[in-house]
Amino acid sequence: MTTVLKALVFDMDGTITKLSLPLEAMRQDTKDYFTSNGLPAELLEPADGISSSTAKARDYFLSNGYSIEKWNEMDQEVDVILTNHEGSAASSAELLPGSLEVVEKIQGHGFLTAILTNNSRSSVNQIMTQIPLANHFEIIQTRHESPKPKPHPDGILKIIRDLGVKLGEAVYIGDALIDGTAALRAGIEFWGVATGETSASALHDAGATRVFDTLDGILEEALARKSN
């Protein structure tokens with residue numbers, strides 16, 4: 001019998017809010033920073049995103065004589081670059097139509113709700129001055145509170161512990177491939193929403209057990225899982 005569902009953890013950009021981040025620019029700026037500091041460009045592939053580029057850079061620099069302190073300085077400089085992009089996007093953040101209404105209904109049926117985003121704390125705080133996210137989620141966790149950002153599983157595992165539920169009692173809902181990767185690595189079920197940068201078929205391929213065109217379908221699925 002399927003485990004009873006108690007908590008739904010959401011990505012933010014492309015899932016709750018409209019995808020407004022300049023993701024390609026952020027990915028390219030990350031690559032440019034590392035290559036300008038000595039990472040051989042041939043180690044990076046066009047498909048590499050921020051997390052995979054950072055992982056490759058870390059492996060390269062630490063295996064070529066850099067101290068962990070020096071690497072941490074570089075990682076912080078990249079964080080500043082990303083935060084600047086995120087701050088610009090935060091000023092124009094908008095909800096996806098009906099997203100908070102769906103979350104409110106989910107809460108009304110007794111489910112716990114949370115957000116896990118790779119955005120910075122400062123940009124999320126800025127968004128929350130414009131959008132009442134804090135009224136709809138028990139936890140809003142950014143990359144600055146996560147031990148490691150997605151696609152690492154650490155952030156999901158921390159939220160699950162903080163919510164006080166078991167892995168089998170929660171799902172992670174997102175629009176991107178890294179959401180699926182993080183969920184699978186954490187051992188949590190992944191539901192995809194084709195409201196951001198990734199197609200429904202790609203979300204299925206990323207391990208989503210359910211894929212929805214919008215968040216509207218989430219409530220019915222959650223209620224079905226609650227009654228099992």
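The values are calculated or read from the model by the stated rules, or taken from the named source; none is laboratory data. Given the structure is predicted, the values throughout are model-derived calculations rather than measurements. Neighbour counts are summed over all protein chains in view; Cβ atoms, including those assigned to glycine, are modelled from backbone coordinates with ideal geometry.
Going through (1) outside any helix (DSSP H, G or I); (2) buried (at least 18 other Cβ atoms within 10 Å of the Cβ) one by one, ASN64 falls short only on (2).
LEU39 meets all of the listed conditions (1) part of a loop (DSSP other than H, G, I, E, B); (2) under 28 Å from ILE160 (Cα atoms); (3) modelled with pLDDT of 95 or more but one, namely (2).
Can you tell me which residues in the stretch 72-101 are assigned to a helix (DSSP H, G or I) and among the small types (Gly, Ala, Ser)? Passing the criteria: GLY87, SER88, ALA89, ALA90, SER99. Number of residues in the stretch 150-167 that are touching a strand residue (DSSP E or B) at 6+ places or on another chain (Cβ under 8 Å) and touching a residue at least 60 places away in the same chain (Cβ under 8 Å) equals 6.
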